[in-house]
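Novice: Could you have a look at this structure, given as structure tokens, before my questions?
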Amino acid sequence: MCGIVGYTGPREAYPIIIKGLKRLEYRGYDSTGVALQSSTGLKVYKKKGKVAELEESIVGKDLHANVGIGHTRWATHGEPSDRNAHPHQSASGKLAMIHNGIIENYTQLKKELVSKGYEFSSDTDTEVLLNFIEEIKKNNECSLEEAVRVALKRVTGAYVILLLDEDNPDTIIAARKGSPLVIGVGKGEHFLGSDASPMLEYTKEVVYVNDYELAIIKPDELILKNLGNEKITPYVQKLDLELAAIEKGGYEHFMLKEIFEQPQTIFDCLRGRLDAEAGTITMSGIQQYADQIINANRIVMVACGTSWHAGLIAEYIFEELCRINVEVEYASEFRYRNPVINKGDVIIAISQSGETADTLVAIDNAKEKGAIILGVVNVVGSSIARTSHGGAYTHAGPEIGVASTKAFTAQLAVLTMIALKVGYMKGTISQERYMHLLKELNEIPEKVAWTLKQSDAVKAIAEKYKDARDFLYLGRGYNFPVALEGALKLKEISYIHAEGYPAAEMKHGPIALVDKDLPVVFVATKDTYHEKVVSNMQEIKARKGMVISVITEGDEVSTELSNDVMIVPEADEILAPMLSVIPLQLLSYYIGVAKGCDVDKPRNLAKSVTVE
Ligand code: M6R
């Protein structure tokens, strides 16, 4: 949540910051602001709304500066407004700060400051922390760096903060705990960002700042310290990311681009790992822990949102192929529930961003209790990836649309490969079935490409049903979590209320919702449960509900029963979700667009949820 950008060096800071903020808007877009430091002093411009709105509002202002910080906000404390927008300025006006995270004990800190006569111009926890830092600096007559260190020892919660100080005009002070911070190292210049996207065209050398680290950044110097004031040698890594990967490439929206990238992203995910002819799956980050996985009492999948749905599908796959007990947990519940974790439990954390706060804390807790943590993560170098003992990257490339699409299918591809590898090593899957599934998995990118060719038909269905008030999504077995995912996608993109349900469970309550105005989307590809699902379709038809079905090519029975169908090619039922989810992604996209929604930046959402 919230995107932060910073620059210090010889270039004009403002254009770098604005471009960087546009790339980070997926993290929040409630308000935007910049603070610029030049010989004329500190200038702060901020505004409720998206980056473009700030840009328009400050045309003609003095934007010249070689040092600056910028923020795009996802509101936590205080409504989205100009006054709550970051950067905030300290009481003296000399310090400016941006913040991503939540200061949990801000009420207590605020009380202390109010008793000393401080007044606040916003409702944010950020302004409190900033004045707390200034108060320490004033009282202890110390440097800003020292004051930040002292203040952060009193703070509970999560943060990345960037500070400018009028008295040290070329320096940015940064610190992190629980929210991401990347520093780009250039020649005589430094860049900062919540991820590496703001610095891509300037440098490929980056430092990922760790929790409880503080950075003092000047154009030609980067000093990293811990909160105990000991120096740490920055670990400079090479970035493997190209600019084209974060641009729309001719598509109207990132979401559509990302949906259509899936044949390639799944292929990239399998490439170098799956050899269908040789019958091998190479995953070194899994191989290292193969014995522990094979002998685990249970596997716990921990995730949120769409990644949680991938975990649910993986539960079915692991239980089928590996005969290991699997539990799937919402990270936000798991972390607070005092769960029973025994040495030898294997936790699989699934996350696109690798920064989801709940998932991160959940695995930290489990790690302390002796569990093996494996990460299935998309963003390379992210916090969850670094906290995990092992795991596998999904290699889907940057996912910028707030609604997760290509990350989901890549997660399924990785989780399926892990299950196949473990099942085969454990002997719970026959050679024949193993070879068959490897071959089928290898064909999935092609089948996804075929499915995407049906997009015009899905668009027509979207037009027809776009004005419905509610939708019901139903599926059984491997397709039940796909129904949940379809409903989530529709809700977040089009703001239409949608429920996902197990098709058979529907009779125990939700069937009461069915009438002639309710579109019911069946995820009904040919599998073990297909006949049962067809009976469920009959039950909806009998109550005059409108049936839209995702079906396997050539399924005449379902076609006959459905008002509209979306077709996918035949596939083994274990792999079917990677196909059946595609029309549902397209359906929500086209309905969202038809309703005039901002599909890449749906209201109230942010891509990377770094607050709990
Ligand atoms: O980055 P993560 O995969 O950990 O994110 C988890 C959820 O926040 C995410 O999947 C969210 O539900 C998406 N908006 C779904 O499209």
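The values are calculated or read from the model by the stated rules, or taken from the named source; none is laboratory data. If you're wondering where the values come from, they're calculated on a predicted model, not measured in any experiment. As a convention, Cβ positions derive from the backbone with ideal geometry for all residues, glycine included, and neighbour counts pool all protein chains shown. Heavy atoms of the whole protein, side chains included, go into the accessibility calculation; ligands, DNA and RNA do not. Shrake-Rupley method; radii C 1.70, N 1.55, O 1.52, S 1.80 Å.
Novice: What is the residue count in segment 110-137 for residues that are surrounded by fewer than 21 Cβ atoms within 10 Å (Cβ to Cβ) and touching a residue at least 24 places away in the same chain (Cβ under 8 Å)?
Specialist: Matching residues across segment 110-137 total 5.
Novice: Among the residues that make up segment 235-244, is at least one of them open to solvent by less than 90 Å² (accessible area, probe 1.4 Å), in a helix (DSSP H, G or I) and modelled with pLDDT under 95?
Specialist: Among the residues of segment 235-244, at least one is open to solvent by less than 90 Å² (accessible area, probe 1.4 Å), in a helix (DSSP H, G or I) and modelled with pLDDT under 95, which makes the answer yes.
To keep it simple, each residue is scored yes or no on (1) of a type in the set (D, E, K, R); (2) closer than 20 Å to residue 415 by Cα.
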position: 218; (1), (2): yes, no
position: 222; (1), (2): no, no
position: 235; (1), (2): no, no
position: 245; (1), (2): no, no
position: 253; (1), (2): no, no
position: 257; (1), (2): yes, no
position: 263; (1), (2): no, yes
position: 272; (1), (2): no, yes
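Novice: I'd like the residue in segment 138-158 that is crowded, with 19+ Cβ neighbours inside 10 Å and among the aliphatic types (A, V, I, L, M) and, out of all such residues, is farthest from residue 361 (Cα to Cα).
Specialist: Going through the qualifying residues, I end up with 144.
Novice: What are the residues in segment 345-367 that are within 10 Å of the ligand (Cβ to nearest atom) and assigned to a strand (DSSP E or B), if any?
Specialist: 349, 350, 351
Novice: Moving on. Which residues, taken from segment 488-526, are in a helix (DSSP H, G or I), among the hydrophobic types (A, V, I, L, M, F, W, C) and either crowded, with 24+ Cβ neighbours inside 10 Å or in the same structural domain as residue 402 (by TED's automatic domain parsing) (or both)?
Specialist: 490, 493
Novice: Would you confirm whether or not segment 407-427 contains a residue that is open to solvent by 10 Å² or more (accessible area, probe 1.4 Å), closer than 20 Å to residue 249 by Cβ, within 15 Å of the ligand (Cβ to nearest atom) and at pLDDT 95 or above?
Specialist: no
Novice: So which pairs qualify, if the first residue must be in segment 484-500 and on the phi < 0 side of the Ramachandran plot, the second must be within 11 Å of the ligand (Cβ to nearest atom) and among the acidic types (Asp, Glu), the Cβ gap must be under 9 Å, and the two must be at least 6 apart or on different chains?
Specialist: As it stands, the answer is 500/485, since those pairs meet every condition given.
Novice: Filtering segment 441-487 down to residues that are open to solvent by 10 Å² or more (accessible area, probe 1.4 Å) and polar (S, T, N, Q), which residue is farthest from residue 519 (Cα to Cα)?
Specialist: Step by step, filter segment 441-487, then rank; the result is 442.
Novice: Right, another one. I'd like the full set of residues that are surrounded by fewer than 22 Cβ atoms within 10 Å (Cβ to Cβ) and closer than 21 Å to residue 384 by Cβ, limited to segment 160-176.
Specialist: If the condition is that a residue be surrounded by fewer than 22 Cβ atoms within 10 Å (Cβ to Cβ) and closer than 21 Å to residue 384 by Cβ, then no residue fits.
Novice: Suppose we keep only residues that are more than 15 Å from the chain's Cα centre (by Cα), among the small types (Gly, Ala, Ser) and buried (at least 23 other Cβ atoms within 10 Å of the Cβ) within segment 573-612. Which one would you say is farthest from the ligand (Cβ to nearest atom)?
Specialist: My answer is 576.
Novice: Can you give me the number of residues within segment 527-551 that are under 11 Å from residue 563 (Cβ atoms), over 33 Å from the mean Cα position of the chain (by Cα) and outside any loop (DSSP other than H, G, I, E, B)?
Specialist: Total satisfying the criteria: 4.
Novice: Counting only residues that are part of a loop (DSSP other than H, G, I, E, B) and out of contact with any Ser or Thr (no Cβ under 6 Å at 6 or more places or on another chain), which one in segment 368-380 is nearest to residue 311 (Cα to Cα)?
Specialist: 371
Novice: Let me ask something else. May I ask you to say which residue of 179, 194 is assigned by TED's automatic domain parsing to the domain that holds residue 87, open to solvent by less than 30 Å² (accessible area, probe 1.4 Å), in contact with a Pro (Cβ under 8 Å, 6 or more places away or on another chain) and not aromatic (Phe, Trp, Tyr)?
Specialist: On inspection, the qualifying residue turns out to be 194.
Residues are listed down the side, and each one gets a yes or a no for (1) loosely packed, with under 15 Cβ neighbours inside 10 Å; (2) within 13 Å of the ligand (Cβ to nearest atom); (3) not polar (S, T, N, Q):
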{"residue": "293", "(1), (2), (3)": "no, no, yes"}
{"residue": "305", "(1), (2), (3)": "no, yes, yes"}
{"residue": "310", "(1), (2), (3)": "no, yes, yes"}
{"residue": "328", "(1), (2), (3)": "no, no, yes"}
{"residue": "333", "(1), (2), (3)": "yes, no, yes"}
{"residue": "338", "(1), (2), (3)": "yes, no, no"}
{"residue": "343", "(1), (2), (3)": "yes, no, yes"}
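Novice: Hey, among the residues in segment 252-291 that are among the acidic types (Asp, Glu) and more than 16 Å from the ligand (Cβ to nearest atom), which one's nearest to residue 380 (Cα to Cα)?
Specialist: Of everything passing the filter in segment 252-291, 268 is nearest to residue 380 (Cα to Cα).
Novice: Would you pick out the residues in segment 383-397 that are open to solvent by 10 Å² or more (accessible area, probe 1.4 Å) and within 12 Å of the ligand (Cβ to nearest atom)?
Specialist: Listed by number, the list holds a single entry, 385.
Novice: Residue check, residue 376 against (1) away from the ligand (no atom under 13 Å from the Cβ); (2) aliphatic (A, V, I, L, M); (3) buried (at least 20 other Cβ atoms within 10 Å of the Cβ), all met but one. Which one?
Specialist: Here residue 376 meets the rest and fails (1).
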